[in-house]
Amino acid sequence: MPVRLPSQIPSGSVVEIEPPFRLVVIGANGSGKTRFGIWLEEQNQKSMRVQRISAQKALSIPDFAPVKNLEQAEMELHLGRSDQHASLDRKFIDRWGSNPATFLLSDYEKLLAVLFARDADRNRRHTELTRQSGEFVPVADSPIDQIIAIWGHLMPHREIALTDGKVLVGKGSQAEYHGKEMSDGERVALYLLGQCLTAPNEAMIIIDEPELHLHRSLMDKLWNKVEELCPDKTFVYITHDLDFVTSRIGARKV
């Protein structure tokens, strides 16, 4: 389905662009960038999966991720709840607290639940296929496998493991420590990787302040790798950072 964008003509009309594409929206503080992202989410969420990553987000990592089935975990991450009342019509209430522009999004636990549920679902499917075939079947990478590989590329001085419901980080020969002790940059890198890699193909991912807490060299590598692994997804970056804008070579700039 085409992505709806606001027209430059102030008449309430829209323009439609075929996905996937990369779009960078740049503007000064207070120029309405966040509300632009909210508009995109509202206009497109009924025709495609839209995952908006707010700049106002908590980065607290729980001691253990809750064990949930994949459907329940994905509904809670995307819609804010997983009961009979979960729906797109209630998303701005349940996920955004009726205040999508300034609500402090606290969904790290929900993201980790999706990551572990995806891993368990991959393992279950692989076990069934192996039993049916009676021979070795190659194991597909889960989002956790992809995150570990990217992490090694971005931060080779830190080893990360997501296992048994926990996030653990090691320093080579030194003892490992829990993910909640990571720096802001490390926690946001894991969060962004998880959000982007668990979004389904052909989804639109809106990232408000994609440079937040990230060193320039790490920022470029992270987003280059994410875009490489997600060629079928549309990325909309909302930023005031000119260095980030120039790093998105080939993207549309507004």
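Before moving on, here are some points about what is shown:
- Ala58 long-range amide H proximity, modeled H, under 5 Å: Leu105, Ser106, Asp107
- Cβ-placed point charges (K, R +1; D, E -1), dipole of region 3-253 about Cα centre in debye, nearest 20: 400 debye
- For region 16-107, taking Cα atoms only, Rg and Dmax work out to 14.7, 44 Å respectively.
- Helical runs (DSSP H, four residues minimum) scored at -39500 (n - 2.57) apiece and divided by the length of the chain put the mean residue ellipticity at 222 nm at -12000 deg cm²/dmol.
- Measuring between alpha carbons in the structure, the pairs from Lys33/Lys180; Lys110/Lys221; Lys33/Lys68 lying more than 28 angstrom apart are Lys33/Lys180; Lys33/Lys68.
- Residue-span extension gain [Ser183 to Ser31] - 0.36 nm each, minus C-alpha spacing: 51.7 nm
- Label assignment, P(r) over Cα pairs in 10 Å bins from 0, in percent derived from the structure, set [x] 7, 29, 32, 21, 9, 3, 0; [y] 7, 29, 36, 21, 6, 1, 0; [z] 8, 34, 38, 17, 3, 0: [y]
- DSSP-defined antiparallel bridges as percent of all bridges, the chain, nearest 5: 40 percent
- Ranked list, fewest to most other Cβ atoms within 10 Å of each Cβ, for Ser7, Ser82: Ser7, Ser82
- Across region 102-187, C-alpha contacts under 8 Å between residues 6 or more apart give a mean separation that, scaled by the residue count, equals a relative contact order of 16 percent.
- Cα centroid separation, region 64-118 to region 19-47 (Å): 21 Å
- Fewest-first sequence of Cys230, Cys196 by Cβ atoms within 10 Å of each Cβ: Cys230, Cys196
Computed from the coordinates by the stated procedures, all read-outs in this text should not be read as laboratory data. Values in this document were obtained by computation on a predicted structure and should not be read as measured data. Methodologically, a virtual Cβ is constructed for each residue, glycine included, from the backbone with ideal geometry; neighbour enumeration extends over all protein chains shown.
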